1. Can you sort 111, 31, 102 by 1.4 Å-probe accessible area, starting with the largest?
2. So for 95, 106, 54, what's the accessible-area order with a 1.4 Å probe, most first?
3. List every residue whose amide H lies under 5 Å from the amide H of residue 69, counting only residues 5 or more places away in sequence or on a different chain, with H placed 1.01 Å from N in the peptide plane.
4. In the full protein assembly as shown, how much of residue 30 is accessible to a 1.4 Å probe, in Å² to the nearest 10?
5. May I ask you to give the solvent-accessible area per residue for region 11-109, in square angstrom, as obtained with a 1.4 angstrom probe?
6. Nearest-5 percent of antiparallel DSSP beta bridges in the chain?
7. Contact order normalised by length for the chain, with contacts defined as Cα pairs under 8 Å and 6 or more residues apart; what percent is it?
8. Between region 1-44 and region 72-107, what is the separation of their alpha carbon centroids in Å?
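The values are calculated or read from the model by the stated rules, or taken from the named source; none is laboratory data. Being a predicted model, the structure only gives us computed values, none of them experimental. Neighbour counts run over all protein chains shown; Cβ positions are idealised from the backbone, glycine included. Ligands, DNA and RNA are excluded from the accessible area calculation, which covers all protein heavy atoms including side chains. Shrake-Rupley method; radii C 1.70, N 1.55, O 1.52, S 1.80 Å.
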Amino acid sequence: QVQLVESGGGLVQAGGSLRLSCSVSGITFSISSYTMGWYRQAPGKQRDLVAVIYNGGSTDYADSVKGRFTISRDNAKNTVYLQMNGLKPEDTAVYYCNVYNIFHNYWGQGIQVTVSS
């Protein structure tokens, strides 16, 4: 059974930092074959891409987080990270981990990030 377990969320003041982690287990293929990413969904809004890291290591970011967030991966640990600096109240959302390749698409259960002003 595939599991994506997110950790590192919580409550932080504006300007603060958090580091999200997503540990993946139970996948059939090597994690190196998967694109890994983070999405977020604020109340009443759609789920949007925050950042993605491809199996070759290149990255893409939503314009709203460029320069503040950094995505990275450790294939040896089957883990993807999201370092979030300079957090703003508008970053408040449930953050979801996602991994996919041409055969599979998996989601984590989501983790709350709340930024107070």
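1. Correct descending sequence by accessible area is 102, 111, 31.
2. Most to least solvent-accessible, the answer reads 54, 106, 95.
3. When sequence neighbours closer than 5 places are left aside, the close amide H contacts are 85.
4. Rounded to the nearest 10, the figure is 70 Å².
5. Numbers: 5100 Å² over 99 residues.
Counting only protein heavy atoms, the per-residue value for region 11-109 is 52 Å².
6. Working: 38 of 42 bridges.
If I count the DSSP bridges inside the chain, around 90 percent turn out antiparallel.
7. So the answer I get is 35 percent.
8. After rounding, the separation between the Cα centres reads 4 Å.
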